[in-house]
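Single-structure report; data block below.
No lab work stands behind these numbers, since they all come straight from the coordinates. Note that the structure is predicted; figures quoted are calculated from it, not measured. As a convention, Cβ positions derive from the backbone with ideal geometry for all residues, glycine included, and neighbour counts pool all protein chains shown.
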């Protein structure tokens, strides 16, 4: 799976959870401040990503991934492993 596919898949999951159009999601988009993600939204997002990509995250990794760009890089690195 290439970077573009990963980005599009992540944006589609965010749009499904938040109804925010994919074109409005940028690398510097913050989950809490810009997307208004609460703990339940974050949990739903992480579960969907885990299922979609067959990967897992530590709580520490998730807590550091506060922007779309950081989460994208985290997923990209795990998919490449």
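The mean sequence distance of close C-alpha pairs (under 8 Å, at least 6 residues apart), as a share of the length of the chain, puts its relative contact order at 37 percent.
Taking a ≥ b ≥ c as the square roots of the eigenvalues of the alpha carbon gyration tensor, region 9-81 is rounded, as a/c is under 1.5. Just 59, 34, 51 to compare: in a GNM of the chain, with alpha carbon springs under 10 Å, which one fluctuates most? The residue with the greatest mean-square fluctuation here is 59. Among 66-75, 19-28, sorting by the average number of other beta carbon atoms lying within 10 angstrom of each residue, highest first, gives 66-75, 19-28.
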